[in-house]
Every structure is written in structure tokens, then in C-alpha cells.
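Single-structure report; data block below.
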Amino acid sequence: MNEKEYLTQEKFDEFTQELIDLKGKRRKEVAENLEYAKSLGDLSENAEYHEARDMQATIEDRIIKLESLLKNAVIVSSQHATGAVNVGSVVTVKKDGKEFVYTIVGSEEADVTSNKISIRSPFGQAILGKKKGEHFMYSAPNGELSYTVVDVK
């Protein structure tokens with residue numbers, strides 16, 4: 001995965017802290033659990049041992065993912081002098097007379113329930129580079145949707 005991942009400074013810091021915790025405290029906890037489980041004897045029928053090994057694999061997978069993500073991260077700022085929509089922009093759009101406010105984010109931060117839309121989503125791709133007053137359309141599962149950009153911050 002050498003594709004750029006767009007992150008806010010806040011999310012970058014959050015992932016960095018998670019990586020520190022996983023490499024330090026969580027790895028140590030799993031190692032201790034493995035040692036305890038080994039002390040119980042027969043590993044073939046030892047549920048604690050198998051559970052600790054599964055947890056170790058999960059943690060190591062997450063560490064690898066976070067290291068790659070942080071290595072390829074591009075920190076974005078919500079301050080854009082151009083007025084064009086980009087990662088980090090807070091956009092107000094209008095559709096059918098109703099206004100909606102979304103924050104355009106990298107895929108790792110996307111959360112529809114918090115109105116954080118991925119730059120890689122069809123909506124994100126369609127609005128990228130648009131400025132206040134511009135119209136744009138994109139194909140959604142239920143057909144073509146048309147919006148107008150009301151504001152870009």
C-alpha cells in the first residue's frame with residue numbers, strides 16, 4: 001500500500017499514539033498472557049494460549065497497517081487559500097433546496113454518521129476542486145445526484 005493517505009493532524013496524532021500503545025503496552029500484555037498460558041501445560045488444548053496467539057496476530061497486523069498508513073500519510077489542513085474543495089475542506093452543498101454540511105477527509109477518517117466523507121468516495125471525487133457556486137453531479141446507486149456548492153471553508 002504505497003498510496004497516499006490523507007489525514008488531518010489530529011487523526012495522524014491519534015494513529016501515532018495508537019501505534020505507540022500497541023508496540024509498548026499491548027505487546028507486553030500479550031507476551032505476559034502467552035507466558036502464563038504456556039505455564040498451564042499442554043498447548044494443543046490450551047484455550048488461553050490460542051486466544052493469546054490470536055490477539056498477538058491481531059495486534060501485529062494493526063501495527064503493520066498503522067506503520068504503512070503513517071509512512072504514506074499526507075497531513076492536510078482545512079485552511080485552503082484557493083477556495084476549492086480539497087481534503088480537509090468543510091463544504092456546504094445544496095440539493096433539492098436543502099443544505100448539507102460535510103467535511104472531506106481521507107478514507108481512514110471517513111464516517112458518514114459524523115458527515116465526514118471520503119475523498120475516494122463518488123461524492124468526494126465529484127466535489128474535488130469545485131468552488132462556491134459550482135454545480136456537480138455523480139452517480140449513486142439510486143441514480144444521478146446533482147448538488148450546488150454553497151460554501152467551502
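The values are calculated or read from the model by the stated rules, or taken from the named source; none is laboratory data. The structure displayed is predicted, hence computed values, not measured ones. Backbone-built Cβ (ideal geometry, glycine too); neighbour counts: all protein chains shown.
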message: I'd like the residue in the stretch 2-28 that is touching a helix residue (DSSP H, G or I) at 6+ places or on another chain (Cβ under 9 Å) and among the aromatic types (Phe, Trp, Tyr) and, out of all such residues, is nearest to Ile59 (Cα to Cα).
response: Phe15
task: Considering every residue within the stretch 50-71, establish whether at least one is touching a residue at least 60 places away in the same chain (Cβ under 8 Å) and part of a helix (DSSP H, G or I).
output: yes
- request: Check off (1) surrounded by 16 or more Cβ atoms within 10 Å (Cβ to Cβ); (2) out of contact with any Ser or Thr (no Cβ under 9 Å at 6 or more places or on another chain); (3) among the hydrophobic types (A, V, I, L, M, F, W, C); (4) not assigned by TED's automatic domain parsing to the domain that holds Leu145 for Ala57 and give me the number that stays unchecked.
  value: (1)
query: Taking Gly83, is it within 25 Å of the chain's Cα centre (by Cα), at positive phi and either part of a loop (DSSP other than H, G, I, E, B) or at pLDDT 95 or above (or both)?
result: yes
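Has the stretch 12-31 got at least one residue that is of a type in the set (S, T, N, Q), modelled with pLDDT under 95, part of a helix (DSSP H, G or I) and not assigned by TED's automatic domain parsing to the domain that holds Phe136? I'd like the intermediate steps shown before the answer.
Residues of the stretch 12-31 that are of a type in the set (S, T, N, Q), as a first pass: 16-17.
Retained after the next criterion (residues that are modelled with pLDDT under 95): none.
No, the conditions are met nowhere in the stretch 12-31.
Yes/no per residue for (1) touching a residue at least 40 places away in the same chain (Cβ under 8 Å); (2) touching a Ser or Thr at 6+ places or on another chain (Cβ under 6 Å); (3) assigned by TED's automatic domain parsing to the domain that holds Glu10; (4) assigned to a loop (DSSP other than H, G, I, E, B):
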site	(1), (2), (3), (4)
Val93	yes, no, no, no
Thr103	no, no, no, no
Ser107	yes, yes, no, yes
Ile117	no, no, no, no
Phe123	no, no, no, no
Ala126	no, no, no, no
Lys130	yes, no, no, yes
Phe136	no, no, no, no
Glu144	no, no, no, no
